[in-house]
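Please read the structure below before turning to the comments.
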Amino acid sequence: PAFHPVPESVPSDLNVLLIAVDTLRADHLSCYGYSRPTSPVLDSLAGEGTLFENSWAHAPSTRYSMPAIFTGRWPSSIDWQPCTRCDSFWPRIGAGNVFLAEVLKPLGYRTGAFWAYAYFDARWRRGFERGVDVYDSQHALLHKNIGGPAESRGTSAAPIADDGIAFLKAHAEERFFLTLHFYDPHLNYESHPDTPGFGDAPADKYDHEIRFTDSQIGRVLESLKTLGLWGKTAVVVTGDHGEGLGERGIAAHGYHLYPPQTRVPMIVRVPGMNPQRIQAPVSHVDLAPSIVNLVRGPYQSSFQGRSFVDLLAGNPSATTPPRKTVFQEVSYEGDNKKRALISETHQLIWNWTPQNTTECYRLSEGLEAPDRYGEDGECDALKQQLRAHLTALSLPPDFSERLARDVTPPGAAAPAPATALDLTFGPPGETPRVKLSGYDLSGKPGRGQSVEVALHFQVLGPMPAGWKLFVHLQTPTGAFENLDHPPVGGALPVEQWVTGQSIRDRFALTLSPGHPAGPYTLKIGFWRGNERWAVTPPAAGNRAQVTAFDIP
């Protein structure tokens, strides 16, 4: 989605402070309606800025949610690479992904990032260091893992705040983008002197950690004011994911997409913009485009999120309406995959593998709401939207370019094939649905070489669901080699063809040096299960011959 105009009231030399609090669920902050005074500093910040009522993480763990925040991309759309010598199996983010600091640094920003968790250790270069002038993860050493990354002992919030304050003092005269990562609300829940306590139960101790972290954030914000930077610094606060505190029998996080694990705060205070609370759903992938938009930076085609600057300005875009749903996902060991879609009122969860079950909840019915899948029409609508979204994610990266090059819309003149044919396909006894009008061949096939074939189709009628194109190469032995593929390089399956379209389907025809001499025939057809469409003129096996050639 396109960027939005930035009000003139927003400083042209805007600084940005992005605060990411690990394991911070929204409903345990006072400003989100919690009964305990866990967050006086963030409450005050929300009172001066925009609080998003429905803000969501895409994933329930740091290794997926932080990359989404800093690249503006869904975790499953990120180019992941192995991190073979790292301290864990968690992967690197590939060089093809653009990080937020990489966009801001060329605009004249002094960039800094201070991290409190081993995942961000500078030695592993997982990608978060790209575009960052001052990168420091030393305080991760203050947290000692207990049998793995799920739990640790130690505290780092005060040193992280100290580093942030030092950075602000050192670069007060420069335009800056500063990231601070606070880790203390993560298990194990520590005790902090001079910070109010709420009891000894896990939820009580968790709230105590939030109150302590809130006080350290307050020190940083007070420093902005003391240094005279408050009037030209945007402050963004979010949690990377939430925390289960026994709801549905689940403690901690990492494997579930329910609201305790994925509903996070999103508070954005921008000088020159009025305070407000917004109901429209927003998500982590919206953060990077919104920040770049706010500082009047260049649009990035790699961003999958929607800039919410129009919402901050109180002027929702008519051409790019606010999103209605947020996509969520988690994949973990043992081929466990869950995908979800969440709206202002419902959350639908598809337990893709291995269970292949679906759940749906009305958010108004609480954190342990009954499953309404199968009885609520909104759930059915969300399931269809989720299927469409996952289909889009499976498309090739150059999807748009392939469609523009090889699909001619109804009524427009299509390119003529180099070699003309007149073959039609359709259900036996019915009007044909597809015509093969010809083909192009980029060269003469030969051993050890590859040539491109382009089949020219015209769509004559509606395409039923489930039908696919088959492409077979009959060899001199009489055997068939399978060259089946989704048409247009995977961009346009047969069942999505539209009446009146003209389609060029390109694919490579490659013969190895070991292919035998003799006649070869390229044949195609359409199939679904055990069914085949009839070919006119008729052909054996309903395989229509496209071309034939000899290999000496």
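Taking K and R as +1 and D and E as -1, what net charge do the other residues with C-beta under 15 Å from the C-beta of P486 add up to?
Numbers: positive: R402, K468, R504, R506, R528; negative: D398, D406, D484, E495, D505.
Surrounding charge for P486 is 0.
What accessible surface, in Å², does a 1.4 Å probe find on V494, ignoring ligands, DNA and RNA and rounding to the nearest 10?
Number for this one is 0 Å².
I want to check the label-to-label distance for R296 and D27. Put each point 7 Å from Cα in the C-beta direction and report it in nm to one decimal.
4.2 nm
Go through R372, R339 and list them by solvent-accessible area, largest first, probe radius 1.4 Å. Don't skip to the end; give the middle numbers.
Numbers: R372 50, R339 15 Å².
Final ranking, largest accessible area leading: R372, R339.
What does the charge dipole of the range 247-395 about its Cα centre add up to, to the nearest 20 debye, if the Cβ of each Lys and Arg holds +1 and the Cβ of each Asp and Glu holds -1?
Approximately 540 debye in magnitude.
Send over a whole-number figure in Å² for the accessible area per residue of the chain, probe 1.4 Å.
Working: 22460 Å² over 552 residues.
Roughly 41 Å² per residue, with all protein chains present.
Could you order S290, S215 so the one with the most accessible surface comes first? Probe is 1.4 Å.
Working: S290 0, S215 50 Å².
Per-residue accessible area, sorted high to low, gives S215, S290.
Explain nothing, just the number: dipole magnitude of the range 423-552 about its Cα centre with +1 on each Lys and Arg Cβ and -1 on each Asp and Glu Cβ, in debye rounded to the nearest 20.
On the way: 11 positive and 9 negative charges, 13 e Å.
Value, rounded to 20: 60 debye.
Quote the FRET efficiency, to the nearest 0.05, computed for R175 versus S394 with a Förster distance R0 of 35 Å and r equal to the Cβ-Cβ distance. Write out the running numbers ahead of the final one.
Numbers: r = 41 Å, r/R0 = 1.16.
For R0 = 35 Å, the calculated efficiency reads 0.30.
Once neighbouring chains are kept in place and the probe is 1.4 Å, which whole percent of the accessible area of the chain is contributed by carbon and sulfur? Numbers along the way, then the final one.
On the way: 11650 of 22460 Å².
C and S atoms contribute 52 percent here.
In whole percent, what relative contact order does the chain give with Cα contacts below 8 Å and a gap of six or more residues?
Values: 1226 pairs, mean separation 82.5, N = 552.
The normalised contact order for the chain reaches 15 percent.
Expressed in nm², what is the orientationally averaged projection area of the convex hull enclosing the Cα positions of the range 313-371?
Numbers: hull surface 24.1 nm².
Projected over every direction and averaged, the Cα hull of the range 313-371 covers 6.0 nm².
Could you tell me which residue out of L142, H241, S77 lies farthest along the dipole of the chain toward its positive end? Charges go on the beta carbon: Lys and Arg +1, Asp and Glu -1, centred on the Cα centre.
Among L142, H241, S77, the one farthest towards the positive end of the dipole of the chain is S77.
Going down the list K435/K523; K337/K383; K468/K523; K205/K324; K105/K337, which pairs span over 26 Å between their C-alpha atoms? Mind showing how you got there, number by number?
On the way: K435/K523 14 Å; K337/K383 16 Å; K468/K523 14 Å; K205/K324 35 Å; K105/K337 36 Å.
Over 26 Å Cα-Cα: K205/K324; K105/K337.
Using the basic label-point model (7 angstrom from Cα toward the beta carbon), what is the A508 to R219 distance in nanometres?
5.8 nm
Leaving ligands and nucleic acids out of the surface, order K444, K383, K232 by accessible area at 1.4 Å, largest first. Intermediate results must be reported in sequence, preceding the final value.
Numbers: K444 155, K383 20, K232 60 Å².
Highest to lowest solvent-accessible surface, that is K444, K232, K383.
Quick one: work out Rg over Rh on the C-alpha atoms of the range 1-92, Rh as Kirkwood radius.
On the way: Rg = 17.2 Å, Rh = 16.5 Å.
That ratio is 1.04, to two decimals.
Got a sec? Which residues in the range 160-200 would a label at L107 touch, if it sits 7 Å along Cα→Cβ and we count backbone N under 13 Å?
Counting backbone N atoms under 13 Å from the label point, the list is 175-178.
Please state the Cα pair-distance histogram of the chain with 10 angstrom bins from zero: what percent is in each bin?
Answer for the chain: a P(r) of 3, 16, 23, 21, 15, 11, 8, 3, 0 percent.
Sequence gap at least 6, Cα distance under 8 Å: using those rules, report the relative contact order of the range 413-544 to the nearest whole percent.
28 percent
Determine how large the accessible area of Y373 is when every protein chain is in place; take a 1.4 Å probe and give Å² rounded to the nearest 10.
80 Å²
For every helix of n ≥ 4 consecutive DSSP H residues, a contribution of -39,500 (n - 2.57) applies; sum these over the chain, divide by its total residues, and give [θ] at 222 nm rounded to the nearest 500 deg cm²/dmol. Walk me through the intermediate numbers first.
Details: 10 runs with 104 residues, N = 552.
Calculated from helices alone, the mean residue ellipticity at 222 nm is -5500 deg cm²/dmol.
For the range 118-215, what is the convex hull volume of the alpha-carbon atoms per residue, in Å³?
Cα-based convex hull of the range 118-215, divided per residue, equals 112 Å³.
Express in Å², to the nearest 10, the accessible area of D136 obtained by rolling a 1.4 Å probe over the protein heavy atoms while all chains stay in place.
Counting only protein heavy atoms, D136 exposes about 40 Å² to solvent.
Placing unit charges on C-beta atoms (Lys and Arg positive, Asp and Glu negative, everything else neutral), compute the dipole magnitude of the chain about its Cα centre in debye, rounded to 20.
Working: 49 positive and 58 negative charges, 316 e Å.
With Lys and Arg at +1 and Asp and Glu at -1, about 1520 debye.
Which of the DSSP-defined H helices in the chain satisfy a minimum axial length of 27 Å, computed from C-alpha atoms, and a minimum mean Kyte-Doolittle hydropathy of 1.0?
On the way: long enough: 202-226 (36 Å, -0.88).
Membrane-span-like by this criterion, though nothing is claimed about a membrane: none.
For a paramagnetic label modelled at 7 Å from the Cα of E48 toward its Cβ, which residues of the range 196-230 fall within the zone defined by backbone nitrogen distances under 13 Å?
218-230
The values are calculated or read from the model by the stated rules, or taken from the named source; none is laboratory data. These numbers were taken from a predicted model, which means no experiment stands behind them. Cβ: placed from backbone, ideal geometry, glycine included. Neighbour counts: every protein chain shown. When the accessible area is computed, the model is the full protein with side chains, heavy atoms only, and any ligands, DNA or RNA have been set aside. Shrake-Rupley method; radii C 1.70, N 1.55, O 1.52, S 1.80 Å.
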